[in-house]
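Data block below; observations after.
The values are calculated or read from the model by the stated rules, or taken from the named source; none is laboratory data. Remember, it's a predicted structure, so these values are computed and weren't measured experimentally. Quick reminder, even Gly has a Cβ in these numbers, built from the backbone with ideal geometry, and neighbours come from all protein chains shown.
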Amino acid sequence: MKTKLITASAIAIVFSILFWGCATIMHGSSQKVGISSSPTGAKVTVDGKILGDAPLFANLGRGDEHIITLELPGYQKSQFTITKSVSGWVWGNIIFGGLIGLAIDAVSGGLYDLSPEQINAELKKDGITAIQQKDGVYILSVMSPNPNWKKIGNLNPVQ
């Protein structure tokens, strides 16, 4: 009986050691996020740091939320937020690693998944934009027109 108790204790200890920080071991403390733009070549900035030109993969820390900015001359700037949520691997810690494994994953960021995993930015040209919807046409204007634009008409107020 004493031998079975020692064996069961030894197995429990081995499992606890193996699965400390289960999520960190399984998928790491960073995550690749794909970033692309249409048109391609937009400058990609993550949390204020320039990474390069789209398309690219950004290796982002799982423990933080991130702000992605895409800029291309002649186009409106696009900005996206990458959010974190609790990973399914946390259940491995709760079952096998206990509080120690949970703490390791929380500190390393392995406890989280980032979303979205892919950003596809459709960049819009600077200037006036017209959007047609069921209930009418919406026109968005700018403060100063581009000198290359052609005048196609005037809008007069309804009397």
Report summary line: When (1) at pLDDT 85 or above; (2) in contact with an Asp or Glu (Cβ under 9 Å, 6 or more places away or on another chain) are applied to Val86, the one that fails is (1)
Query raised in the report: Do we find that Ile131 is under 30 Å from Asn154 (Cβ atoms) and either modelled with pLDDT under 80 or not in a strand (DSSP E or B) (or both) in this structure?
Result: yes
Requested in this report: Give me the pairs, please: first residue somewhere in region 113-128 and surrounded by 14 or more Cβ atoms within 10 Å (Cβ to Cβ), second residue anywhere and at pLDDT 90 or above and in a loop (DSSP other than H, G, I, E, B), beta-carbon distance under 7 Å, and either six or more positions apart or on two chains.
Outcome: Ala121/Ala42; Leu123/Pro39; Leu123/Ala42; Leu123/Leu72
